[in-house]
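Chemist: Structure incoming, see below.
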Amino acid sequence: MDIYHAVTSDVKDIYDLVQIYAKKGIVLPRTYLSLYQHLQCLYVMKEDNKILGVAGLHVLGQDLAEIRSLVVSPDYAGKGIGRKLVNRIISDAPKLGISRVMSFTYETEFFKKCGFKIVAKETLPEKVWVDCMNCPKLDCCDEVAMIKYVG
């Protein structure tokens, strides 16, 4: 199993994997267009050319980026794939000048194990102004804001 930057031929499989969790309300859905437009931000873990997991690193500001669309194939859940993807993102973030990596998540225990701490959403205005204003959950957001300082 290795982690790669996603390529255009990965998009359909990424879309299908994200949809599994979007339908359950665990992650926000992504369109094909969104995946293509943010392809350079996406990491995939593959084995025998099969995508086992995906995660995105989306820059939100001068020193802040977000982990988005972190999903693992249900057949491979619990095998450390999510943690490996997060660790890769954390190691790459400083190369972009990022010192803070955040996530809005329901999976607080997972992110705590990865070294993230819970913070108030108000401490992340870059996220609120970039994404939350257009989110269908704006007035009823129940995700937890978490952050890790890196670099």
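Chemist: Starting from residues that are open to solvent by 80 Å² or more (accessible area, probe 1.4 Å) and outside any loop (DSSP other than H, G, I, E, B), keep the ones in region 136-151 and report whichever is modelled with the highest pLDDT. Outline the logic, then answer.
Modeler: Residues of region 136-151 open to solvent by 80 Å² or more (accessible area, probe 1.4 Å): 136, 139-140, 142, 149, 151.
With the extra rule that they be outside any loop (DSSP other than H, G, I, E, B), the set shrinks to 139-140, 149.
On the way: D139: 57, C140: 56, Y149: 96.
Among them, the one singled out is Y149.
Chemist: Restricting attention to region 44-64, which residues are in contact with a helix residue (DSSP H, G or I) (Cβ under 6 Å, 6 or more places away or on another chain) and under 18 Å from K148 (Cβ atoms)?
Modeler: Going through region 44-64, the residues in contact with a helix residue (DSSP H, G or I) (Cβ under 6 Å, 6 or more places away or on another chain) turn out to be 44-45, 51-58, 60-61, 64.
A55, G56, L57, H58, L60, G61, L64 - these are the residues of region 44-64 that are in contact with a helix residue (DSSP H, G or I) (Cβ under 6 Å, 6 or more places away or on another chain) and under 18 Å from K148 (Cβ atoms).
Chemist: Name, by its number, the condition in (1) over 15 Å from D10 (Cβ atoms); (2) touching a residue at least 24 places away in the same chain (Cβ under 8 Å); (3) of a type outside the set (D, E) that does not hold for Q40.
Modeler: With (1) over 15 Å from D10 (Cβ atoms); (2) touching a residue at least 24 places away in the same chain (Cβ under 8 Å); (3) of a type outside the set (D, E) applied to Q40, the lone miss is (1).
Chemist: Determine which member of the set L17, L39, L57 is closer than 24 Å to G115 by Cβ and under 15 Å from the mean Cα position of the chain (by Cα).
Modeler: Working: L17 fails: closer than 24 Å to G115 by Cβ; L39 fails: closer than 24 Å to G115 by Cβ.
Of L17, L39, L57, the one residue that is closer than 24 Å to G115 by Cβ and under 15 Å from the mean Cα position of the chain (by Cα) is L57.
Chemist: Which residue pairs have Cβ atoms under 9 Å apart, sit 6 or more places apart or on different chains, and have a first residue in region 17-31 that is in contact (Cβ under 8 Å) with a residue 60 or more places away in the chain and under 18 Å from I67 (Cβ atoms) and a second that is open to solvent by 40 Å² or more (accessible area, probe 1.4 Å) and of a type in the set (V, I, T)?
Modeler: I26/I20
Chemist: Right, next: Condition check: under 21 Å from F104 (Cβ atoms), of a type outside the set (D, E, K, R) and in contact with a Pro (Cβ under 9 Å, 6 or more places away or on another chain). Does Q62 satisfy that?
Modeler: On the way: under 21 Å from F104 (Cβ atoms): yes; of a type outside the set (D, E, K, R): yes; in contact with a Pro (Cβ under 9 Å, 6 or more places away or on another chain): no.
So Q62 fails the test.
Chemist: Go through (1) open to solvent by 20 Å² or more (accessible area, probe 1.4 Å); (2) of a type outside the set (D, E); (3) at pLDDT 90 or above for M133 and report which single condition fails.
Modeler: Condition (3) is where M133 drops out.
Chemist: Here's a follow-up. Would you mind listing the strands (runs of 3 or more DSSP E) fully within region 1-116 where at least 2 residues are open to solvent by 80 Å² or more (accessible area, probe 1.4 Å), modelled with pLDDT of 95 or more and over 20 Å from E143 (Cβ atoms)? Step through it out loud before you land on a result.
Modeler: Values: elements: 2-5, 42-47, 50-59, 64-72, 100-105.
Of the strands (runs of 3 or more DSSP E) lying wholly inside region 1-116, those with at least 2 residues that are open to solvent by 80 Å² or more (accessible area, probe 1.4 Å), modelled with pLDDT of 95 or more and over 20 Å from E143 (Cβ atoms) span 2-5.
The values are calculated or read from the model by the stated rules, or taken from the named source; none is laboratory data. Just so you know, these numbers come straight off a predicted model, no measurement behind them. In this analysis, Cβ positions are derived from the backbone assuming ideal geometry, glycine residues included, and neighbour counts consider all displayed protein chains. Accessible surface areas use protein heavy atoms only, side chains included; no ligands, DNA or RNA. Shrake-Rupley method; radii C 1.70, N 1.55, O 1.52, S 1.80 Å.
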